[in-house]
2 protein chains.
Amino acid sequence: MVKRYLTVTSLNETLSLLYTGFTCTPSRERVPLLKSVGRVTAEPIFARYSVPEVHLAAMDGIAVVSKETRGASEQHPVTLEQAVRVNTGNVVPSRYDAVIMIEDVHIDHERFTIRKAAPPWQHVRPAGEDIGESEMALPSRHLIRPSDPGALAAYGITEVTVLTVRVGLIPTGSELVPHGDHPAPGQVVESNTVMAEAMLGTLGARCIRYPMVKDDPAQIRKTVQRAVAENDLVIISAGSSAGTKDYTAEVIAELGEVLIHGVAIKPGKPAIIGRIADKPIIGMPGYPLSALTVLREIVTPLLHRFGLPIPALGTVDARFTVSVSKDIGSDEFILCSLGNVGDRWVLSPLSRGAGVQMSAVRSNAYLKIPAGIEGYEAGKSVTATLTVSRTEAERALLITGSHDPLVDYLADLLQQKEIELHSTHVGSMGGILALKKNECHAAPVHLLAENGDYNIPYLKKYLPGEDLVLLCVAERQQGIVSKTGIGFDEIPAHQFINRQRGSGTRMLLDHELKLRGISPAVIRGYEREVTTHLAVALAVKSGEADAGLCVYSAAKALGLRFIPVASERYEIALRSGHLDDPRVSALCDTIVSPAFREILDRLGGYDTEETGVRRVLP
Amino acid sequence: MVKRYLTVTSLNETLSLLYTGFTCTPSRERVPLLKSVGRVTAEPIFARYSVPEVHLAAMDGIAVVSKETRGASEQHPVTLEQAVRVNTGNVVPSRYDAVIMIEDVHIDHERFTIRKAAPPWQHVRPAGEDIGESEMALPSRHLIRPSDPGALAAYGITEVTVLTVRVGLIPTGSELVPHGDHPAPGQVVESNTVMAEAMLGTLGARCIRYPMVKDDPAQIRKTVQRAVAENDLVIISAGSSAGTKDYTAEVIAELGEVLIHGVAIKPGKPAIIGRIADKPIIGMPGYPLSALTVLREIVTPLLHRFGLPIPALGTVDARFTVSVSKDIGSDEFILCSLGNVGDRWVLSPLSRGAGVQMSAVRSNAYLKIPAGIEGYEAGKSVTATLTVSRTEAERALLITGSHDPLVDYLADLLQQKEIELHSTHVGSMGGILALKKNECHAAPVHLLAENGDYNIPYLKKYLPGEDLVLLCVAERQQGIVSKTGIGFDEIPAHQFINRQRGSGTRMLLDHELKLRGISPAVIRGYEREVTTHLAVALAVKSGEADAGLCVYSAAKALGLRFIPVASERYEIALRSGHLDDPRVSALCDTIVSPAFREILDRLGGYDTEETGVRRVLP
């Protein structure tokens, strides 16, 4: 039987149930001082003794009885009856009540002469100046900062009791292999509890990752019972949907109760909220970005309810670059690349596939589109939530257009200048349109025009009269990738893998087919589109296709054969007005750098003779 | 011989020498994935295999050959020849090219009938959808975020090579005892390398704290040689000035060269920059806040130069509440309490003593007053640098006025509501003036007027006609603290310790002396002022004084005797307009809470009958 449809609960209702339905008492743990930064105190911390405990000299000099110094002046030097040499930090013996700096003392055979009176307590650090015995150094619930452990050490503290939430993480799924193993086809690396531990541990939770459990209700039940006994909160990874091998809800219902099955969020809908022994049990969906969303939107606020401090994420108002439609019933969270172009923030969505973890890796912000809304039009002004610091977001360089593996290497080199390259692969035409709308800093393009020139005819057509610069990255080789050395003319005899419409590579294919009078209709797989050179090569390597058109470096990376078809000018189109932007100028500098040229040589298939050549429009 | 005067170098020159004078090559270390959050990659990370490696079903259903499904409709169901049951995540065998959701399939004796055609690649997660084999998952110099380890685990990565800077920390000083030991008089807990490790470790440095070294040049030399060999950067704690027992500069000069001795910053002037074996050597002054300043202003930018990412600190424009004068030749860094009062930020300096670590603990911001400026007038508009997040700073509740130990407990309780109480002890009169100038949210006061009433006559005089609320915290007992049970009339026969002018306790003393016809002139120690009740009790406990006037709770905390003198109304004065401020309302709620009343009972000397009573002005 298939129990497919979940009754979804809104995110707000889910959170309010978590806030009100559980006592959420945090745990405590003792940590050494040096492990306490970023944690919160579970109780006030008191100084064990005064600092300093006795009066200390604040200067190198002599300790004196201030009364004896009265009347001393240039005209009437006073030779002191009682005085003793002290260095900074030395105890001022109790009969003295002031210190005179050594520079102001004339010393002759152990006798001290002064020419200026010392007021009482001059240059003395009084006992308790810093803190008094029994005084509260830190209140409870204080977020310990990097400078705190030094002070606490001085006050006699060696360990701190901090709040934590003990979180039990249970990975379920017969297809799982431990992280580090190479999964066989159909197996999956158990990475979601790794992500959970990294995310929740950073917030101060103490995570236990239990051994992986197969899709077997009895085994899952046993592990859940143990985890509930040992933790304040239990997260069961995967099996939370309503399919034939999804046992999470069933097990929670047996041991306690299922409060919510299905939350109106995307990704993350098949989440479960349950209760066993008054402890919250979360059923976390198996798709990594569903898991990420549940961790960020449900578990993180729950940890806050337990008393852990949650850093506030910044927000910026930005222009959303594409139209998206969504399920009206759900809050949808879209991972995005955010950058400041000219004088405004621009927000571009990354792949929304719940299995595409690279969207999380590449994103620096996300957009929440609330339930009740069916989608946004391109150009809409939205509020994005930053997942990095604002300073880091300000370093983002947005590159939109044609894909080439070399872009990743540009990103790598730019990081050393603290520029974060975010590239969106929408093909050359998409890049030109993004540049036109001022939604990127630079557009990599390689569009062959009727006149045999690259790129300029298209820019003239789509951005007429605008001041543009084309910077040549390289002349790159495109060719047919295969295992067996298939040439262009042999394509119709084999299964093909294509690139998406609007990409320069697709246009090159169509151009070459037309030249040779081959009809697309005879090519098996012409309709099968992927979006990167590497994806073409991968399809060939996996056997899904026999041949495809891609750059040499992609074929080389996967050890495949390559028959050249054409060499094309891969250029980066920029607005001249952006050349002064430090991010753009760093990009230009990097393209002409010896380090980048070396990388191009290593990757192979790039002719660097034209690298760095600028062409200017109009 | 005393080599007292250092030739100071400006902070900017110091930093530019560090930036240009050293190669600053970082070290690398391998860390397990779960320890990698917050670190930066030392090299790009590539996916070890494609994810997924083969086409997977994206839904529970059946894998089909899409061609076979053509023409299927409600009117014309199609029973499939080839199809196989798959669950989400299962491999789609190579002869199939689409998946149909189980809900859309009629199953009868292992035969599948459908009523809708499946386009090719429907509900299939293609191989490499997330990432392709050999693709760059992360560039070098990427700051690893909490969500990254999950993705890396999925891509076959178990360890990450991250950048670090190996920092050797050498504590010097014959007076030092290890942290955890109770220092004897004149001894000091070695806490500065603890602070350094906490601060620099948080930034990604790998610190080694060497055993403490006595003030002995030979021993120091040996440890420095070892530390230079084992690290990228060496910090010698203390001994950096030019006193008779300061050997740091001498040792650096012997083993390499001293580049700078004396930096024009305060605190932190006696810093040293040296070079041994092309490695930077920092002489860090011994006063904790001098050390803190050197770590923050010199060592932190140096770690950035090595390639470690340094979080940018936020800034806010604020009104500076007091006048300060400073040495014109130095950049001075003043630790402050910052809070938002009404519609502006208010910045109050904390104690500027270089030994007062509590100033760092209590501060949430600092002010840099640059060289060339002699000081600021009260009320000046300045730019403060936040040492906490802006969100945390927005939670600051500023309390300015009379000191009482109970204020620390209010702070402790308020933290549970995420309100951060910052109290400045300037005495009751200072509190009234701060309230008048809108420089605090609340002013604790206990001023006895001629008419026998507390506080109201003063508020009427200094804030005439303003809408104010006085909230009674407690009636508290003031009395004479001593070891032997000294009564008020016996004060003239003993050594006394006084409170500062403007404090309510000082005014109470003067009032009581006048009542009894005792002249202040006959009281030994009348001129010796401290600023808190606990400081009075500490002076008595340490034997510096025989008696003082303070609240009962301070005497009790130190186990001293107490002879009551008067009971006084300790109230908190607020502006009525601030009652809606969530921080102020939380304060009012906390004062009347049972938890606070319990604390007052435990501390002792507080009559809570009037607690929570409000008096309104005008």
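Determine if the range A:588-595 includes at least one residue that is buried (at least 18 other Cβ atoms within 10 Å of the Cβ) and within 14 Å of chain B (Cβ to nearest Cβ). Within the range A:588-595, one or more residues are buried (at least 18 other Cβ atoms within 10 Å of the Cβ) and within 14 Å of chain B (Cβ to nearest Cβ).
The condition (being within 27 Å of A:M136 (Cα to Cα) and within 14 Å of another protein chain (Cβ to nearest Cβ)) is satisfied by just one residue among B:P309, B:P288, B:P349: B:P288.
Taken as a whole, the condition of being over 28 Å from A:D148 (Cα atoms), touching a Pro at 6+ places or on another chain (Cβ under 7 Å), modelled with pLDDT of 95 or more and of a type outside the set (K, R) does not apply to B:V294. Based on what the data block shows, is A:I491 away from every other protein chain (no Cβ under 14 Å), surrounded by 15 or more Cβ atoms within 10 Å (Cβ to Cβ) and over 20 Å from A:T424 (Cβ atoms)? The answer is yes for A:I491.
Condition (residue is part of a strand (DSSP E or B), assigned by TED's automatic domain parsing to the domain that holds A:F562, within 22 Å of the chain's Cα centre (by Cα) and within 26 Å of A:R296 (Cβ to Cβ)) applied to the range A:412-420: is it met by at least one residue? Scanning the range A:412-420 turns up at least one residue that is part of a strand (DSSP E or B), assigned by TED's automatic domain parsing to the domain that holds A:F562, within 22 Å of the chain's Cα centre (by Cα) and within 26 Å of A:R296 (Cβ to Cβ). Of all positions in the range A:423-434, at least one carries a residue that is more than 19 Å from the chain's Cα centre (by Cα), polar (S, T, N, Q), assigned to a helix (DSSP H, G or I) and over 19 Å from A:V316 (Cβ atoms). Among the residues of the range A:372-398, those identified as assigned to a loop (DSSP other than H, G, I, E, B) and at the interface with chain B (Cβ under 9 Å from one of its Cβ atoms) are A:T387, A:V388, A:S389.
Would you mind stating whether A:L560 is in contact with a Leu (Cβ under 7 Å, 6 or more places away or on another chain), at pLDDT 95 or above, crowded, with 16+ Cβ neighbours inside 10 Å and over 21 Å from A:V469 (Cα atoms)?
Judged against the criteria, A:L560 is not a match.
Among the residues of the range A:331-371, those that are in contact with a strand residue (DSSP E or B) (Cβ under 9 Å, 6 or more places away or on another chain) and part of a loop (DSSP other than H, G, I, E, B) comprise A:G342, A:L350, A:S351, A:R352, A:G353, A:A354, A:G355, A:V356, A:S363, A:N364, A:P370, A:A371.
Return yes or no: is B:A137 under 30 Å from A:S359 (Cβ atoms), hydrophobic (A, V, I, L, M, F, W, C) and assigned to a helix (DSSP H, G or I)? Considered against the rule, which asks whether it is under 30 Å from A:S359 (Cβ atoms), hydrophobic (A, V, I, L, M, F, W, C) and assigned to a helix (DSSP H, G or I), B:A137 comes out as no.
Take the conditions in the same structural domain as B:Q187 (by TED's automatic domain parsing), surrounded by fewer than 24 Cβ atoms within 10 Å (Cβ to Cβ) and under 19 Å from B:S174 (Cα atoms) and apply them to B:T244. Does it pass?
yes
The residue that is nearest to A:E29 (Cα to Cα), counting only those in the range A:122-142 that are facing another protein chain (nearest Cβ under 7 Å) and among the aliphatic types (A, V, I, L, M), is A:L138. Residues in the range A:7-30 that are in a strand (DSSP E or B) and farther than 18 Å from A:E297 by Cβ: A:S27, A:R28, A:E29, A:R30.
Contact annotation: residue pairs with Cβ atoms under 6 Å, 6 or more positions apart or on different chains, pairing a residue in the range A:211-222 that is in a loop (DSSP other than H, G, I, E, B) with a partner that is buried (at least 16 other Cβ atoms within 10 Å of the Cβ) and not aliphatic (A, V, I, L, M), are A:M212/A:P171; A:M212/A:E190; A:D215/A:K245.
In the range A:399-424, the qualifying residues are those that are within 19 Å of A:A535 (Cα to Cα) and more than 12 Å from chain B (Cβ to nearest Cβ), and the one that is surrounded by the most Cβ atoms within 10 Å (Cβ to Cβ) is A:G401. Considering the conditions (1) over 33 Å from the mean Cα position of the chain (by Cα); (2) among the hydrophobic types (A, V, I, L, M, F, W, C); (3) not in a helix (DSSP H, G or I), B:V473 is excluded by exactly one of them, (1).
Filter the range A:184-206 for residues that are part of a strand (DSSP E or B) and facing another protein chain (nearest Cβ under 9 Å); which is nearest to A:E230 (Cα to Cα)?
Taking the range A:184-206 first, the residues part of a strand (DSSP E or B) are A:188-189, A:206.
Then drop every residue that is not facing another protein chain (nearest Cβ under 9 Å), which leaves A:188-189.
Details: A:V188: 27, A:V189: 25 Å.
Residue satisfying both the conditions and the ranking: A:V189.
Identify all residues within the range A:493-522 that are assigned to a loop (DSSP other than H, G, I, E, B) and of a type in the set (S, T, N, Q); write none if there are none.
Listed by number, the residues that qualify are A:Q500, A:S503, A:S519.
Among the residues of the range B:27-36, those identified as surrounded by fewer than 20 Cβ atoms within 10 Å (Cβ to Cβ) and touching a residue at least 40 places away in the same chain (Cβ under 8 Å) are B:S27, B:R28, B:E29, B:R30, B:V31, B:P32, B:L34.
With B:L538, B:L560 as the choices, which residue is away from chain A (no Cβ under 11 Å) and out of contact with any His (no Cβ under 6 Å at 6 or more places or on another chain)?
Working: B:L538 fails: away from chain A (no Cβ under 11 Å).
None of the other options fit; the residue is B:L560.
In the range B:144-158, the qualifying residues are those that are at the interface with chain A (Cβ under 7 Å from one of its Cβ atoms), touching a helix residue (DSSP H, G or I) at 6+ places or on another chain (Cβ under 8 Å) and not β-branched (V, I, T), and the one that is surrounded by the fewest Cβ atoms within 10 Å (Cβ to Cβ) is B:P146.
With the requirement that a residue be assigned to a loop (DSSP other than H, G, I, E, B) and either farther than 23 Å from A:G286 by Cβ or within 8 Å of another protein chain (Cβ to nearest Cβ) (or both), what does the range A:174-183 give you? Across the range A:174-183, the qualifying residues are A:E175, A:G180, A:H182, A:P183.
The values are calculated or read from the model by the stated rules, or taken from the named source; none is laboratory data. Only a predicted model underlies this, so the values are computations on that prediction, with no experimental measurement involved. Cβ sites come from the backbone with ideal geometry, for glycine too, and all protein chains shown count toward neighbours.
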